[in-house]
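Below is one structure, written out as structure tokens; the observations come after it.
The values are calculated or read from the model by the stated rules, or taken from the named source; none is laboratory data. Just so we're clear, the structure is a prediction, and the values are computed from it rather than from any experiment. Every residue, glycine as well, gets a Cβ built from its backbone with ideal geometry; the counts of neighbours run over all protein chains shown. The protein model used for the area step is the full one, side chains on, heavy atoms only, and it has no ligands, DNA or RNA in it. Shrake-Rupley method; radii C 1.70, N 1.55, O 1.52, S 1.80 Å.
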Amino acid sequence: MTPASRPPARPALLVIDMQNTMVGIAHRPVETVTAIAGLRARARAAGVPIVTVQHQDGEIAPGTDGWRIAPELTPGDDEVVVPKSTPDSFVGTDLDRTLRRLDVTEVVVTGFATEICVDTTARSALGLGYDLLLVEDGHTTSVRPDTGPYAAPDPSIAHHNEIFRNLRYPGRRSRVLPAAQVDFDAR
């Protein structure tokens with residue numbers, strides 16, 4: 001299918017694991033939350049569904065302050081919240097069923113952590129047949145030293161942005177754009 005013959009995308013904004021515990025250890029937390037909050041406002045104004053994915057496990061228990069979504073990103077009463085317990089937001093959840101019920105064809109991915117939950121969910125979305133738009137400045141990872149087994153935060157984020165710019169799945173589109181260039185009205 002050529003780009004000109006593609007039907008317009010029907011996006012949903014995914015906000016992955018932007019909970020108090022994660023934001024508290026995040027690299028560039030203010031900038032990332034601000035970028036996502038702006039996307040949320042634009043998605044709501046355009047009538048685009050917003051799906052918040054909320055991690056819970058033995059360390060992040062439901063009902064605790066650390067489990068709660070960052071205040072600036074608190075889901076509205078009419079928004080879907082998907083609880084998860086693995087890095088993949090699709091595994092063991094109703095995320096795929098929810099997106100299909102909403103007739104979504106493209107996921108706009110934001111959240112925490114770049115190399116774990118964001119990466120895993122983005123790849124699963126492509127594998128399930130969704131187009132992908134990874135928000136270049138709308139995902140982050142944990143603060144950590146520049147030396148050690150993990151890549152430093154800025155290189156890790158840049159590395160993942162470049163990977164998703166170049167991923168090719170037959171019949172699907174994978175894009176990476178800064179939050180300011182995400183246009184929910186241009187479908």
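Inspect the stretch 30-39 for any residue being among the acidic types (Asp, Glu), closer than 17 Å to His139 by Cα and open to solvent by 30 Å² or more (accessible area, probe 1.4 Å) and give the result as yes or no. Spell out the reasoning first.
In the first step, residues of the stretch 30-39 are kept if they are among the acidic types (Asp, Glu); the result is 31.
Checking which are closer than 17 Å to His139 by Cα leaves us with 31.
From the residues that got through so far, the ones that are open to solvent by 30 Å² or more (accessible area, probe 1.4 Å) too are 31.
Within the stretch 30-39, one or more residues are among the acidic types (Asp, Glu), closer than 17 Å to His139 by Cα and open to solvent by 30 Å² or more (accessible area, probe 1.4 Å).
Does the stretch 51-61 hold any residues that are open to solvent by less than 60 Å² (accessible area, probe 1.4 Å), farther than 15 Å from Val81 by Cα and either touching a residue at least 24 places away in the same chain (Cβ under 8 Å) or in a helix (DSSP H, G or I) (or both), and which are they? Result: Ile60, single match.
Among residues of the stretch 135-163 that are without any contact (Cβ under 8 Å) to a residue 12 or more places away in the chain and over 16 Å from Pro87 (Cβ atoms), those with a beta-carbon under 9 Å from a residue that is assigned to a helix (DSSP H, G or I) and open to solvent by 50 Å² or more (accessible area, probe 1.4 Å) at least six positions away or on a different chain give the pairs Asp146/Pro155. Whenever a residue of the stretch 33-50 is farther than 11 Å from Val15 by Cα and outside any helix (DSSP H, G or I), its partners that are modelled with pLDDT of 95 or more and not aliphatic (A, V, I, L, M), lying with C-beta atoms within less than 6 angstrom and at least six residues away or across chains, give the pairs Val48/Pro11. Working only within the stretch 64-79, note down all residues that are open to solvent by 40 Å² or more (accessible area, probe 1.4 Å) and not aromatic (Phe, Trp, Tyr). Of everything in the stretch 64-79, those that are open to solvent by 40 Å² or more (accessible area, probe 1.4 Å) and not aromatic (Phe, Trp, Tyr) turn out to be Thr64, Asp65, Arg68, Pro71, Glu72, Thr74, Asp77, Asp78.
Note on the stretch 94-186: enclosed strands (runs of 3 or more DSSP E) holding 3 or more residues that are within 19 Å of His27 (Cα to Cα) and either open to solvent by less than 60 Å² (accessible area, probe 1.4 Å) or in contact with an Asp or Glu (Cβ under 6 Å, 6 or more places away or on another chain) (or both) are 106-112, 131-140.
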